[in-house]
1. Checking Lys20 against (1) away from the ligand (no atom under 14 Å from the Cβ); (2) touching a Gly at 6+ places or on another chain (Cβ under 6 Å), which test does it fail?
2. Residues that are without any contact (Cβ under 8 Å) to a residue 12 or more places away in the chain and out of contact with any helix residue (DSSP H, G or I) (no Cβ under 7 Å at 6 or more places or on another chain): which strands (runs of 3 or more DSSP E) entirely in the stretch 29-111 hold 2 or more of them?
3. Tell me which of these Glu98 doesn't satisfy, since it passes every other one: (1) within 28 Å of Pro199 (Cα to Cα); (2) more than 10 Å from the ligand (Cβ to nearest atom); (3) at pLDDT below 95.
4. In this structure, is Ala153 buried (at least 21 other Cβ atoms within 10 Å of the Cβ) and modelled with pLDDT under 95?
5. Filter the stretch 187-212 for residues that are under 17 Å from the mean Cα position of the chain (by Cα) and in a helix (DSSP H, G or I); which is nearest to the ligand (Cβ to nearest atom)?
6. Can you pull out every residue in the stretch 161-176 that is assigned to a helix (DSSP H, G or I) and either surrounded by fewer than 10 Cβ atoms within 10 Å (Cβ to Cβ) or within 21 Å of the chain's Cα centre (by Cα) (or both)?
7. For the stretch 103-131, enumerate the residues that are of a type in the set (Gly, Ala, Ser), within 24 Å of Val149 (Cα to Cα) and within 13 Å of the ligand (Cβ to nearest atom).
Amino acid sequence: MPRSAVAPVLTIDGPSGSGKGTISRRVADQLGWNLLDSGALYRAVGYAASMAGLDLSDAEAVTRCAESTRITFRPDAEGGETRVYVNGHDAGDELRTETCGAAASAIAAIPSVRKALVDKQLSFRKGKGLVADGRDMGTVIFPDAPHKVFLTASAAERAKRRYKQLKAKGLSVTLSSLLREIEARDARDASRSVAPLRPADDAVTIDTTGLDIDAVVAKVLALVGSP
Ligand code: DC
């Protein structure tokens, strides 16, 4: 396929709690583009590996798990939130927990695990366009994306947002432990040797601290040049 016929991609990278998930979904809806939640793939592998009782630092075993785990995204019965199925099992709510986030962050540091997930991520580039949400969308997976955004927010603000989200789901969490976990996860994601969390050289950085969702969505849509 000639390059001009390839669907355009908007990459939205950033640390956890920067608003990537919500912003990406809203922007994809408004543009009528596909959405890739790449974090959900790493969470699904972390979840499958934990369920199988694997040692998450056993690169070979976890890579085999990444290669064999079936991950599918389906809209829920009411047509609202997308549910993530891991080997046919609806793992949606478990995947959002910090335990699963930490498992995802650990297995995401293994180069062969990242490699095992590349084709799956590329396969989302079809139709009118793709909004790709993650850590390395603009740097590694879609380096030729015409639009790249890097979202940030202070760790305190990100912990507060995650606290509200998890509480709304009825999960029992404390703000201080979330802040500690978020800081530890940021440090691990930014310091790993493969695909560390960093803005692409050609990404536009938006600090979302103190901004509401509508304001960020408007900024991102303006970058894409949407009407
Ligand atoms: O975006 P998230 O919180 O759902 O991501 C969970 C973990 O997965 C995150 O801590 C690091 C990893 N991840 C990654 O390494 N690369 C991506 N493109 C997306 C997520």
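The values are calculated or read from the model by the stated rules, or taken from the named source; none is laboratory data. Treat the numbers as computed from the prediction; the structure is a model and nothing was measured. Cβ atoms come from the backbone with ideal geometry, glycine included; neighbour counts cover every protein chain shown.
1. (1)
2. Of the strands (runs of 3 or more DSSP E) lying wholly inside the stretch 29-111, those with at least 2 residues that are without any contact (Cβ under 8 Å) to a residue 12 or more places away in the chain and out of contact with any helix residue (DSSP H, G or I) (no Cβ under 7 Å at 6 or more places or on another chain) span 71-75.
3. Every condition holds for Glu98 apart from (2).
4. On the way: buried (at least 21 other Cβ atoms within 10 Å of the Cβ): yes; modelled with pLDDT under 95: yes.
Against the criterion (buried (at least 21 other Cβ atoms within 10 Å of the Cβ) and modelled with pLDDT under 95), Ala153 qualifies.
5. Asp189
6. Within the stretch 161-176, the subset assigned to a helix (DSSP H, G or I) is 161-168, 175-176.
The answer is Arg161, Arg162, Tyr163, Lys164, Gln165, Leu166, Lys167, Ala168.
7. Initially, the stretch 103-131 is screened for residues of a type in the set (Gly, Ala, Ser), giving 103-106, 108-109, 112, 116, 123, 127, 129.
Going one step further and asking which of them are within 24 Å of Val149 (Cα to Cα), we end up with 104-105, 108-109, 123, 127, 129.
Matches in the stretch 103-131: Ala104, Ser105, Ala108, Ala109.
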